[in-house]
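> Let me begin by handing over the structure; questions about it come next.
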Amino acid sequence: MRATILTTAITLAVAATSAGAYNCKEGLTYCASTLKRLGDYTKNIEAALIDAEIVGVKYEVLFRCVEATGALAVAGVCSLYCKDGGPGHSDYCTAY
């Protein structure tokens, strides 16, 4: 519990300073690969994975934009591929 609160606080602090030129849109989901193309989300991704206790998976994960500042939460892990939904649309998992 204490680690989760600390990680969430770190995620929010990092989000305020490292989201880069593009801020994610609150409520949409993003593949890690999409976030990396949009800005410097590496620390935000790592913090969200730690918070969700996910180890060894990084790129086929869907992240929910919690705040427009770039704060992220894990929305799910794709069994095969994570697909870019395009500008203004959520990314999603696919079996193709």
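What follows draws every value from the coordinates through simple rules; no lab data is involved. Fair warning: this is a prediction, and the values are worked out from it, not measured in the lab. Because the Cβ atoms are built from the backbone with ideal geometry, glycine has one as well, and the counts that use them run over all protein chains shown.
> Listing CYS31, CYS78 from the residue with the fewest other Cβ atoms within 10 Å to the one with the most, what is the order? Mind showing how you got there, number by number?
Values: CYS31 23, CYS78 18.
The most exposed by this proxy come first: CYS78, CYS31.
> On to the next question. Using the crude model of +1 on Lys and Arg Cβ and -1 on Asp and Glu Cβ, and no other charge, please compute the dipole size for segment 28-73 relative to its Cα centre, in debye to 20. Display every interim value, and only then the final one.
Values: 5 positive and 6 negative charges, 38 e Å.
It works out to roughly 180 debye.
> Let me ask you something else. 5 Å is the cut-off here: which amide hydrogens, built 1.01 Å from N in the peptide plane, fall below it relative to LEU72, excluding neighbours closer than 5 in sequence?
VAL66
> Quick one: compute the contact order of segment 19-96, relative version, from alpha carbon pairs under 8 angstrom and 6+ residues apart, as a percent.
On the way: 156 pairs, mean separation 26.6, N = 78.
Relative contact order, segment 19-96: 34 percent.
> Would you pull out the residues with amide H under 5 Å of SER90's amide H, same chain only if 5 or more places away, H placed 1.01 Å from N?
THR29
> Give a residue-ordered list of calculated ³J(HN,Hα) values for segment 22-29 (Karplus: 6.51 cos²θ - 1.76 cosθ + 1.60, θ = phi - 60°; whole Hz; x for Gly, Pro).
With coefficients 6.51, -1.76 and 1.60, one gets 10, 9, 4, 8, 3, x, 7, 9 Hz.
> Still on this structure, I have one more. Non-local amide H neighbours of LEU62 (under 5 Å, H modeled in plane, Pro and chain starts lacking H): which ones?
Placed amide hydrogens put ALA75, GLY76, VAL77, CYS78 under 5 Å from LEU62.
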